[in-house]
Amino acid sequence: MRATAKANSNIALIKYWGKRNERLILPTNNSLSVTLDGLYTETTVHFQEGRTEDAFTLNNEPITGIPFERVTEFLDIFRSYVGKHNLYAQVDSINHVPTAAGFASSASGFAALAAATAKALQLDLSNEQLSKFTRQGSGSACRSVYGGFVEWEKGELDDGSDSFAVQIAPQEHWDLRIAAVVLTAQEKDVSSRDGMKLTVDTSLFYDGWLAGIPHDLQEIKSGIAARDFEKVGSIAEANCLKMHATTLGANPPFTYWQDSTMAVMQTVHLLRTKGTLAYFTIDAGPNVKVLYLPEDEEQVLRTIRQVDAVTDIIVSKVGDGISYQ
Ligand code: DP6
């Protein structure tokens, strides 16, 4: 009853931003991501008869409090599924991602946890079923089950049975690069979970956000199919800006951006005015991810490194889905 799984992180080009059911983690809109090969989590789950509670280590440190509760509540979903309510586990994760700095560590984390748990329990799940379990740990994680380009179908049903991710193009379809630009490794102030709830509940701009989604999705999917980088990059960047605009219309208003975030955004714009195609996207934190084509790598990285606040750059190619050790 022991298994180890590795899951890559992902970056949304069309963002998931808002829930229609918080307990089941059902989103208000479809989202679309690229799986990243440079940011990942490896997790071992070991269920042991006779244990009286779960234990969780992250990067070899014992974890308590809310992060531990999220893991143990997630394992409860599997315990209910197999009808073994008193079967507890030792969970050990190594996160190759700067935790909680907006690099979607919860995405690779819950995808690896779900996959290792299912394997340790010898459940033979389809990717669709695994994605549904993973979704209940953290929404964006359900996309990390797959490699390549992935869409999370929001679904319509109240029980969440039609809310899961599907692959829309494999890893080999397109050799894009994504630079995760590290500006700060500090814990963020407002989690994505709290930020999206405050936005859904209070933002004057939330309806506008939802209204733009069908067009953005349709256009980006046709851009991915045609490997049209200008189209995909410009839609992704605009979608990110619309998501972040909703936070300014919340009550109280807030933003994930810092001065350094703006500095990188402006540098990406400058690259474009000088003829290099590069586009940014930002999740619920200050750090920026920059999309570009392989032939522009040297130019893009050299230019971004010149921004004072940049402490590190982690370059990813398009990654693959879950794997098992
Ligand atoms: C801005 O998946 O972290 O990164 O479902 O509450 O765990 P929960 O939220 P989470 O939210 C991610 C939000 C985002 C956009 C995205 O990844 O699509």
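As a check on your grasp of the helix formula, calculate [θ] at 222 nm for the chain: sum -39500 (n - 2.57) over DSSP H runs of n ≥ 4, divide by the residue count, round to the nearest 500. Intermediate results must be reported in sequence, preceding the final value.
Working: 8 runs with 118 residues, N = 325.
Rounded to the nearest 500, it is -12000 deg cm²/dmol.
For the chain, the pair-distance distribution built from all alpha carbon pairs, in bins 10 Å wide starting at 0, is 6, 28, 36, 22, 7, 1, 0 percent.
Residues whose amide H falls under 5 Å from that of V288, counting only those 5 or more places apart or on a different chain, are V181, L183, with hydrogens built in the peptide plane. Computed over protein heavy atoms with a 1.4 Å probe, the carbon and sulfur contribution to the accessible area of segment 46-169 reaches 47%.
Each label was represented as a point 7 Å from its Cα along the Cα-to-Cβ direction; for R23 and T52 these points are 2.9 nm apart.
Can you send over the carbon and sulfur percentage of the accessible area for segment 189-284, probe radius 1.4 Å, protein chains only? Numbers along the way, then the final one.
On the way: 2600 of 4590 Å².
Solvent-exposed carbon and sulfur of segment 189-284 make up 57 percent of the total.
Rolling a 1.4 Å probe over the heavy atoms of the protein chains gives the chain an accessible area of 43 Å² per residue. Solvent-accessible surface of protein heavy atoms, probed at 1.4 angstrom with all chains present, puts T52, T199 in the order T52, T199, largest first.
Working from the alpha-carbon coordinates of segment 121-247, get Rg over Rh, Rh being the Kirkwood radius. Mind showing how you got there, number by number?
Details: Rg = 16.4 Å, Rh = 16.8 Å.
We get a ratio of 0.98 for segment 121-247.
Per-residue Karplus couplings for segment 66-73, computed as 6.51 cos²θ - 1.76 cosθ + 1.60 with θ equal to phi - 60°, are listed in order as 4, x, 5, 4, 5, 5, 5, 5 Hz, Gly and Pro entered as x. Annotation: R305 carries an accessible surface of approximately 150 Å², with a 1.4 Å probe and no ligand, DNA or RNA atoms counted.
The values are calculated or read from the model by the stated rules, or taken from the named source; none is laboratory data. The shown structure was predicted, so the numbers you read here are calculated from the model rather than taken from an experiment. Note that we place each Cβ from the backbone using ideal geometry, even for glycine, and neighbour counts take in every protein chain shown. These area figures cover heavy atoms from the full protein model, side chains too; ligands, DNA and RNA do not enter into them. Shrake-Rupley method; radii C 1.70, N 1.55, O 1.52, S 1.80 Å.
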